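Below: one structure, written as structure tokens.
The values are calculated or read from the model by the stated rules, or taken from the named source; none is laboratory data. What you see is a predicted model, and the numbers here were worked out from it, not measured in a lab. Don't worry about glycine lacking a Cβ; one is built from the backbone with ideal geometry, like all the others, and counts go over all protein chains shown. These accessible areas exclude ligands, DNA and RNA; they are computed on the full protein's heavy atoms, side chains included. Shrake-Rupley method; radii C 1.70, N 1.55, O 1.52, S 1.80 Å.
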Amino acid sequence: MPLQTQSSRKPKSTAGGETFHGTIFLAENGRFAGLRDKLTALGFDLISLGEPREQETLAEPVLFVVDGSSWKSYGEEIAEFLASCHYTPPTIQIDDGGIGTEEPPNLSALLTAEFTERQALIAVREAFRTALLRREIERLTELHQSDNSELQKLIEIGISLSSERNIGRLLDKILLEACNVTTADAGSIYIIDQNEVGEKVLHFSNTLSASLNVDFKEFSIPLNKNSIAGYVAMTGESLIIDDCYHIPDRYQLSINKSFDEGNNYRTKSMLAVAMRNQKDEIIGVIQLINRKPLKEMILSSPQVVEETVLPFNEKSQSLIDALASQAAVALENYRLYRDIENLFEGFVQASVTAIESRDPTTCGHSERVATLTVGIAEMVNRTSSGPLKNVHFSENQLKEIRYAGLLHDFGKVGVREDVLLKAKKLFPEHLELIKKRFDIARQIYRKETNRAKVDYLLQAGRQEYLRQFKNIDVDMEKRLEALDRYLGLIIKANEPTVLAEDHFSVLEEIARKIVADPDEQNFPLLDNLEYQVLSIPRGSLTPEERKEIESHVTHTFNFLIKIPWTRELQEIPEIAYGHHEKLDGTGYPRGISSGMIYPQTRMMTISDIYDALTATDRPYKPAVPIPRALDILAEEVKEGKIDGHFFDVFVKSKVFEHTAKGSRESRLT
């Protein structure tokens, strides 16, 4: 027989002004029979245990009057009742037993068998007061627990919202929690924004409905008082509307019923609350619809809405006010975080532009390396077997990899421009100096030839001169042809390709040639430094220049460690620092081996080498076809220089195709 709600009996007041109202269960073998009329007159309902009765609603509070034998006889029925009660009803026991007599656990008063009427009424009064006190304590305890639970829930919601960095998920969380704490069936969020002409509008961004499965599209409405959301956004006043079809005239508001009619729905109760940021500025509106008795209930028809939907109350408003404040702060934090990210993104792009301005020949290289490296990481995340199945890169780590890829060559701004842009072994001005030296040598040879002709003419006579003239010219032509051949070989040796073995001996021969100038000092066709530079077996850089180019890695690291990175991005300097290191320790600048090279760096090394091989914009070398580039990387894997597991992902997932656009497509075979 569960306790339900109070009965319709009205409370009665005594002469002292105290009001009595409640139910007394009797199990005392008729010992209270003489008090029944008086207790009933005071306002009590009297019910005898053990008598058949229908399910009924009891007046609260509830008291028990029992004697020793009845307590034992009706123990199960009493226990069942106590289990259904929200508090422990007090009991008056009639018993002449001694100290060892069994007592009910909720004993309020003990009457002897010879009790007087006054003693009985006093016992009932004190038991009644005890019951009222216990019920109030229970009510306050439940209220306190409910408030604590709601407070804890709001704290949990606040923590959850503050940690969300995705705007879509953030707004969805706000709506979901708003509906949960108020048992609303549906809800929407409107965000104050600007349209293309700079006018403020309310942007309908997110919606949630438990009972309807309808695709909602984002839209914007004017920011004015003609809509419920607009009214709240303009005035800051929270609105509790019991029936949206009958909004009080003072608001001059209405809703469009066409949505309800088209979806077999009924918008009834509504709560609309402004979202205020830390500056007390309204940045949006939370609008909730149809408060339900139970969160799980589905409003399947307008009739169900009419029968079950409850109006939102002040408690609902209080909860949503608190939630709206948290949501507004979370949204502002997101916007601030987004602005900082955009600022940093702009800084990174400006840094890339600075790099490419110094070295236009590698334009796009940083972006391509970032794209390829992130591509490898994303494919690794999809790997479910093999040695990389337990390797996973989070969303923040993917961002970290991308920024490290974009900035990995930033240190090139610290390399001398002539070295950075050096396309051939000799700097252009040095080659021009050699050409002028050869021009001077030609002039000297011609001058020597003319002088020899004059001397021969004066010494041998005209007839002999005419006979030897052609021989003198032939000798000069041979010397001039040798100069042309030497210069041609110098120009060929100046290219950054692999130098043929026979060219070394010819260069040595040229360096030994001394031009005798009768009017000036003698000079070599090639000085020692020029000979050394032209003898570079491969590429265009001297050992000193190569070290300077390689120093860009250290410059990059020294630049990046000065940036106050967030925790999510703090590994960027180290990732970029190792992109020229090799697993066998033969890389630079530190010569570290596999145990000290990050997985992110290993992937970047593959991307960097691949792009350097296949790039079409390097003036000092032709682009390598993609299959050949993959073969070269495979050789590096065999030699233990780059990571074979990440390379397998690069090849099998065809990550290299992420940058195989335009001119690259013609080189796939």
- Item | Selection from the range 413-461 of residues that are open to solvent by 50 Å² or more (accessible area, probe 1.4 Å), modelled with pLDDT of 80 or more, under 26 Å from Asn528 (Cβ atoms) and among the aliphatic types (A, V, I, L, M) | Leu433, Ile440
- Task: Kindly provide the set of residues from the range 169-202 that are part of a helix (DSSP H, G or I) and not hydrophobic (A, V, I, L, M, F, W, C), ordered by number.
- Result: Arg169, Asp172, Lys173, Glu177, Asn180, Thr182
- Query: Applying the selection to the range 567-609, what residues are of a type in the set (Asp, Glu) and touching a residue at least 60 places away in the same chain (Cβ under 8 Å)?
  - Reply: Glu568, Glu571, Asp608
- Message: Looking for something within 30 Å of the chain's Cα centre (by Cα) and closer than 20 Å to Gly414 by Cα - is there at least one such residue anywhere in the range 539-549?
- Response: no
- Query: Could you say whether any residue in the range 194-216 is open to solvent by 30 Å² or more (accessible area, probe 1.4 Å), touching a Ser or Thr at 6+ places or on another chain (Cβ under 6 Å) and modelled with pLDDT of 85 or more?
  - Reply: yes
- Message: Quick test for you: out of Leu398, Leu406, pick the one residue that is under 15 Å from Met603 (Cα atoms) and open to solvent by less than 30 Å² (accessible area, probe 1.4 Å).
- Response: Leu406
- Task: Within the range 238-248, work out how many residues are within 37 Å of the chain's Cα centre (by Cα), open to solvent by 20 Å² or more (accessible area, probe 1.4 Å) and of a type outside the set (Val, Ile, Thr).
- Result: 1
- Cβ pairs under 8 Å, 6+ apart, first in the range 105-123 and among the acidic types (Asp, Glu), second in a helix (DSSP H, G or I): Glu117/Gly34; Glu117/Leu35; Glu117/Lys38
- Query: Do we have Asn226 as surrounded by fewer than 18 Cβ atoms within 10 Å (Cβ to Cβ), more than 32 Å from the chain's Cα centre (by Cα) and at negative phi here?
  - Reply: yes
- Give me a count of the residues in the range 634-643 that are in a helix (DSSP H, G or I) and buried (at least 17 other Cβ atoms within 10 Å of the Cβ). 2
- Query: Quick check, is Ile174 at pLDDT below 80, open to solvent by 30 Å² or more (accessible area, probe 1.4 Å) and closer than 30 Å to Glu568 by Cα?
  - Reply: no
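Yes/no matrix, rows are residues, columns are (1) closer than 30 Å to Met234 by Cα; (2) assigned to a strand (DSSP E or B); (3) open to solvent by less than 60 Å² (accessible area, probe 1.4 Å); (4) in contact with a Leu (Cβ under 7 Å, 6 or more places away or on another chain):
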{"residue": "Leu288", "(1), (2), (3), (4)": "yes, yes, yes, yes"}
{"residue": "Pro293", "(1), (2), (3), (4)": "no, no, no, yes"}
{"residue": "Ser300", "(1), (2), (3), (4)": "no, no, no, no"}
{"residue": "Val304", "(1), (2), (3), (4)": "no, no, yes, no"}
{"residue": "Ser316", "(1), (2), (3), (4)": "yes, no, yes, yes"}
{"residue": "Leu319", "(1), (2), (3), (4)": "yes, no, yes, no"}
{"residue": "Ala322", "(1), (2), (3), (4)": "yes, no, yes, yes"}
{"residue": "Ser325", "(1), (2), (3), (4)": "yes, no, yes, no"}
{"residue": "Ala330", "(1), (2), (3), (4)": "yes, no, yes, yes"}
- Filtering the range 249-286 down to residues that are open to solvent by 20 Å² or more (accessible area, probe 1.4 Å) and of a type in the set (Asp, Glu), which residue is farthest from the chain's Cα centre (by Cα)? Asp249
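Here's the yes/no breakdown for (1) under 26 Å from Tyr598 (Cβ atoms); (2) among the aromatic types (Phe, Trp, Tyr); (3) loosely packed, with under 15 Cβ neighbours inside 10 Å; (4) touching a residue at least 24 places away in the same chain (Cβ under 8 Å):
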residue: Leu499; (1), (2), (3), (4): no, no, no, yes
residue: His503; (1), (2), (3), (4): no, no, no, no
residue: Val515; (1), (2), (3), (4): no, no, no, yes
residue: Asn522; (1), (2), (3), (4): no, no, yes, no
- Expected output for the range 294-315 (first residue over 17 Å from Val181 (Cβ atoms) and of a type in the set (Gly, Ala, Ser), partner part of a helix (DSSP H, G or I) and modelled with pLDDT under 90, Cβ below 8 Å, 6+ apart or cross-chain) is none
- Item | Residue satisfying condition, being farther than 21 Å from Ile191 by Cα and in a loop (DSSP other than H, G, I, E, B), within set Lys268, Lys225 | Lys268
- For Leu121, work out the one condition from (1) open to solvent by less than 80 Å² (accessible area, probe 1.4 Å); (2) modelled with pLDDT under 60; (3) aliphatic (A, V, I, L, M) it doesn't fulfil. (2)
- Note on the structure: Restricting attention to the range 537-560, the residues that are outside any helix (DSSP H, G or I) and crowded, with 20+ Cβ neighbours inside 10 Å number exactly 1
- Item | Options Ser211, Ser220, Ser205: the member that is touching a residue at least 24 places away in the same chain (Cβ under 8 Å) and in a loop (DSSP other than H, G, I, E, B) | Ser211
- Inside the range 595-623, can you point out the residues that are at pLDDT 90 or above and among the charged types (D, E, K, R)? Arg602, Asp608, Asp611
